[in-house]
Amino acid sequence: MKSNNYTIILGGGFLGLFTLLHLLLQNYSKPIILIDKNKRFTFKPLLYDLLSQELDEYQVCPRYTDLLKDSGVKFVPSEVEEIDLHSQKVKINSNQEYNYENLVLALGSPTGYFGVKGASDNTFNFRNYEDAIALQRQLRNSLQQAMQTTEVEQRRKLLTVAIVGAGPTGVELAATLADIVPKWYVDMGGLQDEIRIILINRGDSILSGGSNEGLRQAAETALQNRRIPVELQMNASVTKVEKERLEFERDNQKECLEAATIVWTTGTTTHPLIESLPISSEKRTEKGRLQVLPTLQLPQFPNVFAGGDCATPIGNSQPPLAQVAYQQGAIIADNLKALSTGNSLCDSNVNIRGTLMKFGIGEAGANLFDSAIVTGEPAHLIRQSRYLTTLPTPVHNFKAVTEWITEEIFSANRI
């Protein structure tokens, strides 16, 4: 495109999409281009509810074309190959280039495998719609194969699910699977006690770090009170992953575990495009995130904004959480609007409102502002109402919330 007055948003996650939606609410005058390799937005905190079929795909993973219908925004479903900050150009994988006046870096962060051999090739991720569908298909196929085999060790392997990493994703996924996988197997005619859900962590406890620790005790209790209890393997450092098999070390001893399904949830790493930017290490965090001004602008490139997993304000480190990215989206939108009208920019002021975690079907944990712990069904209702009222666009929001309320009030078919 020859015109260079575009505002381009790279990445349609929480930061990118909510920046865009806030710009639309403000009647932003400049044309907007959203570029994302995926065709669907993923509301990650509710991805477990998609896996368990408590919510539908349009509620958790709506298509960008549906969200942006009649908005005037150009959506480009493509990988980004290169960002040229000096020439103010973005190149996508079809060799097409887009010039920009303002750029928003909202690329998120890819899964980190931290040098573990075979991890990227032999494990499942759980980060988007495609991941959830692939994991669901894998689990159901394994259960069906287990019903058809008489070989004890093979059936044991097919009925074992290993989750590597006991942070929020690992804990929430383990709790969800410990409720739904046994039910699926019983519905096929199997015995639920044959199912094993194993949570593996290199540290000595689950949910280490930040506000997550406030829910540790509640999470530990919830994991044991599922349809089948979750097995915890702590102080286990995974060293190698093969097809349906992983190795780990504990107390200087090597151990092996055979599991037909292995899910990797250990963390993320810096996006390669963010790594490639001409920004010195002195202007990055130790983990490679960009250090930005309080206004969320790059110091050397004030027409470029960044946040979420890609960046953190100088002197005011903010964790890469969905609620942080969501709030930063509003701030970036305000500042883009201010730039276009010649007004003063505002500083980022993000409030961490606590932690909400799914602890299984119809159960959750809520650490509200680090001052009140709520568990069980009341926390489930808090979590669902909070997230469903945050879903993008009013129409999508209203439809999702009303259907969820109807289900909660009138359905007695809980697992």
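Just checking: which of the strands (runs of 3 or more DSSP E) contained wholly in the range 1-88 hold 3 or more residues that are touching a residue at least 24 places away in the same chain (Cβ under 8 Å) and buried (at least 21 other Cβ atoms within 10 Å of the Cβ)?
7-10, 32-36
Do you know which residues across the range 321-343 are over 19 Å from residue 288 (Cα atoms), free of Cβ contacts under 8 Å to residues at least 40 places away in the same chain and not in a loop (DSSP other than H, G, I, E, B)?
Across the range 321-343, the qualifying residues are 323, 327, 331, 338, 341.
With the condition kept exactly as written, say whether any residue in the range 306-315 is among the acidic types (Asp, Glu), open to solvent by 20 Å² or more (accessible area, probe 1.4 Å) and touching a helix residue (DSSP H, G or I) at 6+ places or on another chain (Cβ under 8 Å).
yes
Kindly list the number of the only condition in (1) over 20 Å from residue 285 (Cα atoms); (2) open to solvent by less than 40 Å² (accessible area, probe 1.4 Å); (3) in a loop (DSSP other than H, G, I, E, B); (4) not small (Gly, Ala, Ser) that fails for residue 318.
Every condition holds for residue 318 apart from (1).
Looking only at the range 132-144, which residues are in contact (Cβ under 8 Å) with a residue 24 or more places away in the chain and in contact with a helix residue (DSSP H, G or I) (Cβ under 9 Å, 6 or more places away or on another chain)?
Scanning the range 132-144 gives 132, 135, 136, 139, 140, 142, 143, 144.
Here are 59, 88, 26: which of them is modelled with pLDDT of 95 or more and among the polar types (S, T, N, Q)?
After ruling out the rest, the residue left standing is 88.
Kindly provide the set of residues from the range 205-238 that are open to solvent by 50 Å² or more (accessible area, probe 1.4 Å) and farther than 15 Å from residue 160 by Cβ, ordered by number.
Answer for the range 205-238, where residues must be open to solvent by 50 Å² or more (accessible area, probe 1.4 Å) and farther than 15 Å from residue 160 by Cβ: 208, 210, 213, 216, 217, 220, 221, 224, 225, 227, 235.
If you check residue 278 against the conditions, is it open to solvent by 50 Å² or more (accessible area, probe 1.4 Å) and either more than 20 Å from residue 328 (Cβ to Cβ) or in a strand (DSSP E or B) (or both)?
Yes, satisfied.
Can you spot a residue in the range 347-368 that is more than 30 Å from residue 216 (Cβ to Cβ) and surrounded by fewer than 20 Cβ atoms within 10 Å (Cβ to Cβ)?
yes
May I ask you to list pairs of residues, at least six apart or on different chains, whose Cβ atoms are under 7 Å apart, with the first in the range 352-365 being touching a residue at least 24 places away in the same chain (Cβ under 8 Å) and the second being assigned to a strand (DSSP E or B) and hydroxyl-bearing (Ser, Thr, Tyr)?
Going by the 7 Å Cβ cut-off, the qualifying pairs are 365/375.
Would you check if residue 323 is farther than 13 Å from residue 104 by Cα, open to solvent by 20 Å² or more (accessible area, probe 1.4 Å) and under 22 Å from the mean Cα position of the chain (by Cα)?
The answer is yes for residue 323.
Are any residues in the range 222-253 in a strand (DSSP E or B) and either hydroxyl-bearing (Ser, Thr, Tyr) or in contact with an Asp or Glu (Cβ under 6 Å, 6 or more places away or on another chain) (or both), and if so, which ones?
237, 239, 240, 245, 248 - these are the residues of the range 222-253 that are in a strand (DSSP E or B) and either hydroxyl-bearing (Ser, Thr, Tyr) or in contact with an Asp or Glu (Cβ under 6 Å, 6 or more places away or on another chain) (or both).
Condition test on residue 257, is it in contact with a Leu (Cβ under 8 Å, 6 or more places away or on another chain), modelled with pLDDT under 95 and of a type in the set (A, V, I, L, M)?
No: the conditions fail for residue 257.
If a residue must be over 17 Å from the mean Cα position of the chain (by Cα) and either more than 27 Å from residue 208 (Cα to Cα) or crowded, with 16+ Cβ neighbours inside 10 Å (or both), how many such residues does the range 252-271 contain?
6
Six or more apart or on different chains, Cβ under 8 Å: which pairs go from a residue in the range 193-210 that's under 22 Å from residue 123 (Cβ atoms) to one that's open to solvent by less than 10 Å² (accessible area, probe 1.4 Å) and at pLDDT below 95? Could you list them?
207/215
Among the residues in the range 286-305, are any among the basic types (Lys, Arg) and closer than 22 Å to residue 110 by Cβ?
Yes, there is a match, as at least one residue in the range 286-305 is among the basic types (Lys, Arg) and closer than 22 Å to residue 110 by Cβ.
Please give the number of the condition residue 83 fails out of (1) in contact with a Phe, Trp or Tyr (Cβ under 9 Å, 6 or more places away or on another chain); (2) closer than 30 Å to residue 300 by Cβ.
(1) is the only condition that residue 83 fails.
Considering only residues that are open to solvent by 10 Å² or more (accessible area, probe 1.4 Å) and either of a type in the set (S, T, N, Q) or touching a Pro at 6+ places or on another chain (Cβ under 6 Å) (or both), look in the range 158-194 and name the one that is nearest to residue 226 (Cα to Cα).
Ranking the candidates gives 192 first.
The values are calculated or read from the model by the stated rules, or taken from the named source; none is laboratory data. Keep in mind that this is a model prediction, so the values were computed, not measured. We place every Cβ from the backbone using ideal geometry, glycine too, and count neighbours over all the protein chains shown. We work out accessible area using only protein heavy atoms, side chains counted, and drop any ligands, DNA or RNA first. Shrake-Rupley method; radii C 1.70, N 1.55, O 1.52, S 1.80 Å.
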